[in-house]
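Trainee: Below is one structure. I have some questions about it.
We did not get these values from a lab; they are worked out from the coordinates using the rules stated. From a predicted model like this one, the values you see are computed outputs, not experimental measurements. With ideal geometry, Cβ positions are generated from the backbone for all residues, glycine too; neighbour counts draw on all protein chains shown.
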Amino acid sequence: MKFSVISLLLSCNLFFSQTLYESIESEALGGTRELRIQLPRNYEANEDQAYPLIIVFDGDYLFETVAGNVDYYSYWEDMPDAIVVGVNQIDSREDDCTISVENFLPYKKGAQFYDFVVTELIPFVTESYRSLDFKIAVGHGKTANFINYFLFKKSPVFNAFIALSPELAPYMQDNLTKQFSVEQKKKSFYYLSTASDDIKQNKKEVVELNAQLSVLENSSLSYMFDNFEGATHYSLVTHSIPNALEGIFSGFQPITRSEYINKILALETSPVDYLIEKYEAIKEVFGVEKQMLVNDFKAIAAAIEKTKQYELYKDLGNIARKQHPETVLAPFYLARYYEESGKPKKAMNAYRSSYTLGSIQGYSKEDMLDRADEIQKEFGY
């Protein structure tokens, strides 16, 4: 397999994502295919970091919508930074999505395009850029149907699928239901959408498919569905992409108020363990090593205060020391542990140990030292 790659760097600095144009010469297709690739902000600076990969079919018109949302959500840490690859199908969409009228599987040029994605496109991107195993496929209409075929491989090449108003092939509804009825070793995500003013046949079949998938009980599947009121086959795309990304990466996002109230406060186990397990799941599912957010430390600390499980501050402080060692976070939690354990002198010393450390998101060195002075004044140390 030979590749001819022509790259044009449009924007390269620490503040903006980078967009590249590339041409890939494909043996499977017998020609050249154009790609657009968005790299995360700080891609060049973070040489040791790898990223989830998002393949956007119909990249000639879907790329900007997906890439823009990925850049926005990752900027606010609601999803990890990711590499977005748009596949240009403006002159080949019908051929790329060709299926057999006998078994309704990719056929002739459709089979060639399928092979191109699996044996050429993904290997090229993973070899050329620092990508993780977690991959998302995005399609619309015909390509939304086509991405389903990648599910039926013994080892699917994608972990998540965003199917926007798919033009479903015959028997696809039953095939997907059968596929998703079986528990898998790895977590998978499937987002499906239609709209009130969608193409009638697409909407009918998508609604029927949702009726089948929504009742499945499969802990390895995260299934999401939207039926947008007032949107068309084309405008539903702009509604769907944000919802899909939020749904797929809900476990990655900072602890929300709803999560705090409905999950953390309802725990019968330790909220500190909840925090640990949350970040272990991020690593396991997405392959991302994520530093624990101060926001999430605050949520767990609030739960400790609310439930009066003050002994857990010690564990939280030890985790904070590993995650944010140059800040006052760990001394604060350890000081609170000593205060509630009836050890004011140790609490005072813990607060004072913040003197050489940095403030962080509402936890200031000055406040720590003030707390130490108050303890000294109260107990006469």
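Trainee: Taking θ as phi - 60°, what are the ³J(HN,Hα) couplings along the stretch 273-288 by the Karplus curve (6.51, -1.76, 1.60), each to the nearest whole Hz, with x for Gly and Pro?
Mentor: Calculated HN-Hα couplings, in order: 4, 4, 4, 4, 5, 4, 7, 5, 5, 4, 5, 5, 7, 9, x, 9 Hz.
Trainee: So how long is each side of the chain along the principal axes, counting just the alpha-carbon atoms, biggest first, in Å?
Mentor: Each principal axis gives a Cα extent; for the chain these are 87, 47, 38 Å.
Trainee: In whole Å, what is the distance between the alpha-carbon centres of the stretch 202-222 and the stretch 137-169?
Mentor: The stretch 202-222 and the stretch 137-169 have Cα centres spaced 14 Å from each other.
Trainee: Here is a follow-up. Would you report the distance distribution of C-alpha pairs in the stretch 109-188 as whole percents per 10 angstrom bin, up to the bin with the largest distance?
Mentor: Spelled out per bin, shortest first, that is 16, 50, 30, 4.
Trainee: Separate question: If contacts are Cα pairs under 8 angstrom and at least 6 residues apart, what is the relative contact order of the chain in percent?
Mentor: About 10 percent, as a whole number.
Trainee: Determine Rg/Rh for the stretch 257-379; Rg is computed over alpha-carbon atoms and Rh is the Kirkwood hydrodynamic estimate from the same atoms.
Mentor: 1.00
Trainee: Per DSSP helix of 4 or more residues, -39500 (n - 2.57); summed, then divided by the residues of the chain. What does that give at 222 nm, rounded to the nearest 500?
Mentor: Estimated from H runs of four or more residues: -12000 deg cm²/dmol.
Trainee: Using label points projected 7 Å from each Cα along Cα→Cβ, tell me how many nm separate Lys322 and Leu105, to one decimal.
Mentor: Spacing of the two 7 Å Cα→Cβ label points: 4.7 nm.
Trainee: Pick out which of Asp370, Asp198, Asp296 has the largest mean-square fluctuation in a Gaussian network model of the chain, springs linking Cα atoms closer than 10 Å.
Mentor: The residue with the greatest mean-square fluctuation here is Asp370.
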